[in-house]
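The values are calculated or read from the model by the stated rules, or taken from the named source; none is laboratory data. Note that the structure is a prediction, hence the values are computed from the model and not measured. Cβ placement follows ideal geometry from the backbone for every residue including glycine, while neighbour counts extend to all protein chains displayed.
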Amino acid sequence: MDSIIVTGNGPLAGQVPIAGAKNACLTLMPATLLSEEPLTLTNAPRLSDIATMTALLQSLGAEVTSMQGGQVLAMSSHALDNHVADYEIVRKMRASNLVLGPLLARLGHAVVSLPGGCAIGARPMDLHIAALEALGAEIELKEGYLHAVARGGLKGAVHEMRFASVGATENAMMAATLAKGTTVLKNVAREPEIVDLATCLRRMGAQIEGDGSSEIIIEGVDRLHGATHPVVTDRIELGTYMLAPAICGGEVECLGGRADLLGAFCERLDSAGITVSETEKGLKVSRRNGRVSAVDVTTEPFPGFPTDLQAQMMALMCTAEGTSVLQEKIFENRFMHAPELIRMGADIEVQGGTARVRGVERLKGAPVMATDLRASVSLILAGLAAEGETIVNRVYHLDRGYERVEEKLSALGARIERVSGQ
C-alpha cells in the first residue's frame, strides 16, 4: 500500500493547474445513459473514481473511450444491454448511485446496489428514493439492491426535498428530463456541479430552468440527443491548493480558478489573513504577514462553506494564532483526521459535530494514517508546514479525488514523494 512522505520546506511559489471537477464529472458521465447519441466530456479529471464510473457504465453496455491522456471521455449508450449495477463495482464509490435515475428514465427499470465510498457517515439513499417515487417509480430494497420500476414511464410531479442533497437533486434532475409533463423540484441543492449538470443536459436537449436556485423546473422531453460539454473546474481541488500557500507561506496562482465557486471559503480566508486576487489565468493566493488568524467555520450547503474543505481548513487552523471552532453540519464522523493531526502536535478537542482548535506555533512531522479522501490531503497540507518528515499512510483514498498531487506540489517547491508499499 502506497505512502506519501512530506518534508516541511518553507514557502511555495509558482502556478498549479486545477483539474475538472471530480464530483461534476461523476454526475455527467451517467447522463450518457439518457440518450442513444454520443456524449463527450472535455476537461475530465484523471482519477481512480472516473475509472470506477467508466467500469460501471461499461458493465451496463455503454461504450466509454478515454482520449487525450484521459482528459476527454467519449461515451455512447446506443446499445444498453444490462440494467443491473453490480455491488462489486458500486461498493467502491458513492456516486455509483447516480445511474439509478437515468436507467429508470431511459429503460423504465433498474436494479442498483446500495453504494459504498468513504466512511464519513450514513449518507442514506432515502432522499433519492423519495424523489424518484414522487415521479412514479416503485422502489423496493431486496438483499442490498434497490429494485426500481416505472410502470408506464416516469411522470412529472412537484417534490420538495427534506434536505438539499446534491446527489438526490442530480438523480431527480436526470430522471425528470424524460418524464412526461412538468417536474418542480423544491429545496434542491445549489452547488456549481448542479448548474454544470443542468448546462450539459440543456446541451442534450433537456428543458431545465432554475438551476443554481432552490427550485428547479424541468419540462420532460421525448428524447435527448448527443452533445459535447466541458467539465467545470474542481472547486474542492482549487480550495485545497489555495490553502497550500496559506499554510506554508509564499504565493501560488491556481490556473482556472474562479472565486464565484468558493465565495464563503474565500471570505474565511480573507478573515484569516489570506489575500486572494483574480488574475487573467485564475486566482493568486498569498499570506499577508506572519501567522494566520484563527477563524470559525460552519459547513453548509452551497453557497456556504463546503464540507469537502473542512479537513483542509482544520489543517490551516492548527497553526493559526488563537482558537477556532469548526462545526460540521453536513456529515457525521467527519473529524477522523483530528486524531492524526494531534499526532503531529495539534491541539484539537472534538465533541460531536464540533471541533475546537487551539493554534500552535509549529506542527511536527509524524507517521499518520489517512481515513478518507479529504483527510488524506489535509494531512499532506499539515506535513508541508510541519517540522521534519511526515509519512501519510493509506493514501489510496487520495487517488480517488486528486490528480497527480505529488507532481503539482513538487512544481511549487514542496518536498513530497510517493513510496510504493510492499
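Quick check on GLU88: is it among the acidic types (Asp, Glu) and more than 27 Å from ILE218 (Cβ to Cβ)? Show your work before the answer.
Numbers: among the acidic types (Asp, Glu): yes; more than 27 Å from ILE218 (Cβ to Cβ): yes.
So GLU88 passes the test.
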Quiz item: How many residues does the stretch 391-422 contain that are more than 20 Å from the chain's Cα centre (by Cα), in a loop (DSSP other than H, G, I, E, B) and at pLDDT below 95?
Solution: 3
Quiz prompt | Residue satisfying condition, being over 14 Å from MET29 (Cα atoms) and assigned by TED's automatic domain parsing to the domain that holds GLU170, within set ARG91, ARG46 | solution = ARG91
Self-check item: Index of the failed condition, SER324 passing every other in (1) over 20 Å from GLU417 (Cβ atoms); (2) surrounded by fewer than 20 Cβ atoms within 10 Å (Cβ to Cβ)
Solution: (2)
Quiz item: Based on what the data block shows, is GLU361 in a loop (DSSP other than H, G, I, E, B) and touching a residue at least 12 places away in the same chain (Cβ under 8 Å)?
Solution: yes
Quiz item: Any residue at all in the stretch 176-185 that is aliphatic (A, V, I, L, M) and out of contact with any Leu (no Cβ under 9 Å at 6 or more places or on another chain)?
Solution: yes
Self-check item: First in the stretch 71-82 and on the phi < 0 side of the Ramachandran plot, second anywhere and of a type in the set (Lys, Arg), Cβ under 9 Å, 6 or more apart
Solution: GLN71/ARG46; SER77/ARG106; LEU80/ARG106
Quiz item: How many residues are under 23 Å from ARG190 (Cα atoms), assigned to a strand (DSSP E or B) and out of contact with any Phe, Trp or Tyr (no Cβ under 8 Å at 6 or more places or on another chain) if we restrict to the stretch 270-320?
Solution: 2
Quiz item: ASN82 fails exactly one of the following numbered conditions: (1) over 24 Å from the mean Cα position of the chain (by Cα); (2) not assigned by TED's automatic domain parsing to the domain that holds LEU201. What is the number of that condition?
Solution: (2)
Quiz item: How many residues does the stretch 227-244 contain that are part of a helix (DSSP H, G or I) and not hydrophobic (A, V, I, L, M, F, W, C)?
Solution: 5
Quiz item: Take the residues of the stretch 296-340 that are hydroxyl-bearing (Ser, Thr, Tyr) and more than 19 Å from the chain's Cα centre (by Cα): which is nearest to ILE194 (Cα to Cα)?
Solution: SER324
Self-check item: Single residue of the stretch 4-47 satisfying the filter (surrounded by 19 or more Cβ atoms within 10 Å (Cβ to Cβ), modelled with pLDDT of 95 or more and among the small types (Gly, Ala, Ser)) that is farthest from GLU407 (Cα to Cα)
Solution: SER35
Practice problem: State yes or no: is VAL292 surrounded by fewer than 16 Cβ atoms within 10 Å (Cβ to Cβ), among the hydrophobic types (A, V, I, L, M, F, W, C) and either farther than 30 Å from ASP211 by Cα or at pLDDT 95 or above (or both)? | Solution: no
Quiz item: How about the stretch 206-221: which of its residues are touching a residue at least 60 places away in the same chain (Cβ under 8 Å) and not in a strand (DSSP E or B)?
Solution: GLY220
Quiz item: Any idea which of GLY345, GLY383, GLY365, GLY388 is farther than 21 Å from THR240 by Cβ, at pLDDT 95 or above and surrounded by 15 or more Cβ atoms within 10 Å (Cβ to Cβ)?
Solution: GLY345
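Please verify whether the stretch 177-188 includes one or more residues that are in a strand (DSSP E or B), of a type in the set (Ser, Thr, Tyr) and at pLDDT below 95.
No - not one qualifying residue is present in the stretch 177-188.
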Exercise. Determine whether the stretch 112-124 contains at least one residue that is among the aliphatic types (A, V, I, L, M), assigned to a strand (DSSP E or B), in contact with a Cys (Cβ under 7 Å, 6 or more places away or on another chain) and buried (at least 24 other Cβ atoms within 10 Å of the Cβ).
Key: no
Quiz item: Could we say that LEU224 is touching a Ser or Thr at 6+ places or on another chain (Cβ under 7 Å), farther than 30 Å from ALA320 by Cβ, outside any loop (DSSP other than H, G, I, E, B) and not β-branched (Val, Ile, Thr) here?
Solution: no
Quiz item: Which one of these is touching a strand residue (DSSP E or B) at 6+ places or on another chain (Cβ under 7 Å), assigned to a loop (DSSP other than H, G, I, E, B) and either in contact (Cβ under 8 Å) with a residue 12 or more places away in the chain or within 29 Å of MET93 (Cβ to Cβ) (or both): ILE330, ILE348?
Solution: ILE330
Quiz item: Has the stretch 141-151 got at least one residue that is assigned to a loop (DSSP other than H, G, I, E, B) and under 30 Å from ARG235 (Cβ atoms)?
Solution: no
